[in-house]
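Before any comments, here is the structure.
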Amino acid sequence: MKSFFNLTILALVLVACQPAEEFISEDASLRLKVSTDTVLFDTLLTDRGSITGRFKIYNPNKSAIKLDDIRLGSGTSSAYSLIINGREAASLQNEVLFGKDSLQVLVSVFIDPQDENTPYLVKDSVVFEWNGNSAHVKLVAYGQDAIYVNRETLCDVNWTSDRPYVLMDTVVVLPDCFLNIEAGAQIFLDNNAALFVQGTLRVMGEAGSRVTIKNTRFDQKYKQAPGQWDGIYFLPGSTANEIHYADITNGGVGLYVGTPDDDENFDLTITNTTIGFMSQAGILAFTSEVIATNTLVYNCGQYLVGNFAGGRYQYDHCTLVNFPSSFVRSEPSVQFSDNVSLDGETFSGDLNITLRNTIIWGTQSDELLIAEGGFGVVTKQFQTGIVRSTLPVSSHYISQEINFPGFINSSTFDYQLDEEAFARNRGTQIGVLNDLDGQIRDVQPDIGAFEWIDED
């Protein structure tokens, strides 16, 4: 009897000494809290995993609570997967959550194709139960079926806007062949993927239906992420290339043009296009012929425009601006040269430059360099424009060190003109009737790719 009495006393003492936060209460009135009621994922390409979403379950009570069950609502058939407090499982039972403590749940999703052109909703929930209570956190994602292109050669192919095209590796347009990309099409390039054009590329976007060319990650972290894919390369022999109403972002080199030939035709024509967040260059060209109109090139690691070893280059109503937040650079963003040295060998040619109604701006005090090495004949035509420079560029160009052209907000990469912009009404008529967005220009056009439109 004495022994039993001693054990009882010992048990009471142990219970009394147990911290309140470790005492498991079965009180049905105790409530749990969550950090969010919904985990929302950006649209995901099918057959590819997502980033990891997360939420926490909080126990605000003094006493511990035993979670009888934490599980996916759809069980093992769910497109989602969980890691609960470091353990990968579709469900977990009898998990103790101490008082004033929290439990972390990591969520990811992998969506199987459903043979649909438009994005479709993929839903589920994380359900957790305790003391006769139940709560849930919603899981929401949109899946997008895609056409995957992996190390293929193309000849006379049309890419439509029905579904996105995902380039997984190097894709080549063969000589004397074309690739047409229709208005509204979406082209996504995976890590290190590239498009090589030996024939002809035609990107035929429209004002209300632009073509998108970008990286394969859509979550917020990768919306402004240079270097996620390699580049678009126009190789010798490539000709009659066109890019209209396209948005090209987050690569290494947006457009690389190396198409020397003996004719006077432009090898690449660019209109109403944006090229930005490139780790190396926006438009990099050697001994080629390129014309760009109503084009914005912005935030590139080395060159917005680098046109070397001669060639013919024309930029009309363009905005070339470099305010990169993740790059350190010391050279001008826009450079032209009649020569280039590669592997100890110098390549050169005649250089013809036309800059009309164009803004060249950035963080450096001199953002334009024209290097004349005496290797070729250099011809320059300037017709109204704004350039950040400590030296006069041309009697037709306004060279400024301080006066800002008047962008709406360069810190958020909005390079449209504001109402008080210095560039407003300072252009000349050169036959470019619309701006980058397709809006009609005034009789006295603005300098740059965008036209300020007065509200009625």
Exercise for the section: Return yes when Leu106 is open to solvent by less than 30 Å² (accessible area, probe 1.4 Å), assigned to a strand (DSSP E or B) and in contact (Cβ under 8 Å) with a residue 12 or more places away in the chain and no when it is not. Expected result: no
Exercise for the section: Could you list all residues from segment 64-103 that are under 19 Å from Lys138 (Cα atoms), open to solvent by less than 70 Å² (accessible area, probe 1.4 Å), not hydroxyl-bearing (Ser, Thr, Tyr) and not in a strand (DSSP E or B)? Expected result: Gly73, Gly75, Ala79, Ala89, Ala90
Practice task
Among the strands (runs of 3 or more DSSP E) lying completely within segment 250-345, list those that include at least 1 residues that are polar (S, T, N, Q).
Solution key: 268-271, 274-278, 281-293, 296-300, 303-316, 319-322, 334-337, 339-342
Fill in the blank from the handout: Taking segment 235-264 and keeping only residues that are open to solvent by 40 Å² or more (accessible area, probe 1.4 Å), touching a strand residue (DSSP E or B) at 6+ places or on another chain (Cβ under 7 Å) and at pLDDT below 95, one is left with Pro260
Practice task
Would you check which residues across segment 340-375 are modelled with pLDDT under 85 and at negative phi and list them?
Solution key: Ser341, Leu342, Glu345, Thr346, Phe347, Gly373, Phe375
Exercise for the section: State whether the residues of segment 276-286 include one that is surrounded by 22 or more Cβ atoms within 10 Å (Cβ to Cβ), touching a residue at least 40 places away in the same chain (Cβ under 8 Å) and hydroxyl-bearing (Ser, Thr, Tyr). Expected result: no
Exercise for the section: Scan segment 209-232 for residues that are more than 20 Å from Asn158 (Cα to Cα), out of contact with any strand residue (DSSP E or B) (no Cβ under 7 Å at 6 or more places or on another chain) and not charged (D, E, K, R) and report the count. Expected result: 2
Practice task
With the condition kept exactly as written, say whether any residue in segment 130-144 is open to solvent by 20 Å² or more (accessible area, probe 1.4 Å) and in contact with a Cys (Cβ under 8 Å, 6 or more places away or on another chain).
Solution key: no
Handout entry: Qualifying residue in segment 147-168 (condition: among the β-branched types (Val, Ile, Thr), closer than 30 Å to Lys33 by Cα and open to solvent by 10 Å² or more (accessible area, probe 1.4 Å))
Key = no
Fill in the blank from the handout: Of the residues in segment 380-391, those that are surrounded by fewer than 20 Cβ atoms within 10 Å (Cβ to Cβ), out of contact with any Lys or Arg (no Cβ under 9 Å at 6 or more places or on another chain) and assigned to a strand (DSSP E or B) come to Lys380
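The values are calculated or read from the model by the stated rules, or taken from the named source; none is laboratory data. Here the structure is a predicted model, which is why all the values come from computation and not from measurement. Positions of Cβ are backbone-derived with ideal geometry, glycine not excepted, and every protein chain shown enters the neighbour counts. Side chains are part of the model used for accessible areas, which takes the heavy atoms of the whole protein and leaves out ligands, DNA and RNA. Shrake-Rupley method; radii C 1.70, N 1.55, O 1.52, S 1.80 Å.
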